[in-house]
1. Based on DSSP H runs of at least 4 residues, each adding -39500 (n - 2.57), what is the mean residue ellipticity at 222 nm of the chain after dividing by all its residues, to the nearest 500 deg cm²/dmol?
2. Whole-Hz ³J(HN,Hα) for each residue in segment 208-213, computed from phi via Karplus 6.51 cos²θ - 1.76 cosθ + 1.60 with θ = phi - 60°, x for glycine and proline: what do you get?
3. For segment 142-299, report the translational diffusion coefficient in µm²/s to the nearest whole number, using Stokes-Einstein at 10 °C, 1.306 mPa s, and a Kirkwood Rh over Cα pairs.
4. Please list, in chain and number order, the residues 5+ apart from Asp99 or on another chain whose amide H is under 5 Å from its amide H, with Hs placed from the backbone.
5. On a 1.4 Å probe surface of the protein chains, which of Met95, Met270 comes out largest in accessible area, and what is the full order?
6. Can you tell me the accessible area per residue over segment 34-151, all protein chains present, probe 1.4 angstrom, in square angstrom?
7. So what are the ³J(HN,Hα) numbers for segment 90-102, from phi and the Karplus equation (6.51, -1.76, 1.60; θ = phi - 60°), rounded to whole Hz, Gly and Pro as x?
8. Taking the Cβ-Cβ separation of Ala276 and Thr112 as r and a Förster radius of 35 Å, what is the calculated FRET efficiency to the nearest 0.05?
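The values are calculated or read from the model by the stated rules, or taken from the named source; none is laboratory data. Note that the coordinates shown come from a computational prediction; the quantities given were computed from them, not determined experimentally. Neighbour counts run over all protein chains shown; Cβ positions are idealised from the backbone, glycine included. Calculation scope for accessible area: heavy atoms of the full protein, side chains included, ligands and nucleic acids excluded. Shrake-Rupley method; radii C 1.70, N 1.55, O 1.52, S 1.80 Å.
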Amino acid sequence: MNALEKLKANIENDTQANYVMAEYVWIDGFGGLRSKTKVITGVTLPASIDAVKSRLPVWNFDGSSTGQAPGEDSEVCLKPRAVFRDPFRGGSNVMVMADCYTPAGEPIPTNTRAAAAEAFEKMPAEEPWFGIEQEYTLFKDGTPLGWPRSAARSMGPCVQLGYPGPQGPYYCSAGADVCFGRPISDDHMHACLYAGINISGTNAEVMPGQWEYQVGPCVGIDSGDHMWMSRYIMLRITEGHDVTVSWDPKPIPGDWNGAGCHTNYSTKSMREKDNAYETIMKPMLDNMAKKHMEHIALY
């Protein structure tokens, strides 16, 4: 037994542990995800999510290294918001979705969660449901899975040699010649279910190397917390498989499918009131149309 195997065995057989590890996760200034580990001591094990949540402090990090604060005033505070089981460490360890504040308690400019939570709190009786379909593309050494990798220079008519055939057979596919990345998709789904993410399905997508999973239905701010943590879990899963994940909406130019993040939405009134399309949905769509170009520019 080597040193790492002994360490793993000692951890698994430890009956005197009185700590949990909390992985604080937050959105950085570039739209990516960062995380750091906080050790919480004096915990009676096994501990429930609620028991651990009550022990989680406001923490901090160097915002000048994440695009979220200037170097001369770099402290950014992390406030715990949603807590999930940690599928990587197991036991009573947790992952914490946090958002970012100045030391004075003000949301920093990249903290969009604070404004969203405020909006949802205005009409909680409407119970807004979100079902989000997250598409993504898996890359190995800069190339999507299922696509050719070569250091050779492409010349003449052989430039297409080894490239995948036209779209058609890859969506919801099975078979090594059409389906690329299933172990990653499956590991991600199992990890999300363990964590408590409300993941509701997954499937191979139209372009080879492209997949989708669905989160929801979730109510209100839970939708964002679950979606962002599911993305963090995907980053960790792909680390283990030595591949990378891209959320880019058009990772491959040409006649290849894009990767979206389709959002299904409804309120209690939309779901339950008679003639809801005419009285609720059409006026809602008319209001959205007034800012359509502004929304598309941000998208």
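1. Numbers: 8 runs with 78 residues, N = 299.
It lands at -7500 deg cm²/dmol.
2. Listing the rounded values in order: x, x, 10, 9, 9, 9 Hz.
3. Details: Rh = 18.6 Å.
Value of D from the Cα-based Kirkwood radius: 85 µm²/s.
4. Those qualifying (amide H under 5 Å, at least 5 residues apart or on another chain) are Lys79, Arg81.
5. Working: Met95 0, Met270 25 Å².
I get Met270, Met95, largest accessible area first.
6. Values: 6130 Å² over 118 residues.
Accessible area per residue: 52 Å².
7. With the stated coefficients, segment 90-102 comes to x, x, 9, 6, 9, 10, 10, 7, 10, 10, 10, 9, 6 Hz.
8. Details: r = 29 Å, r/R0 = 0.82.
It comes out at approximately 0.75.
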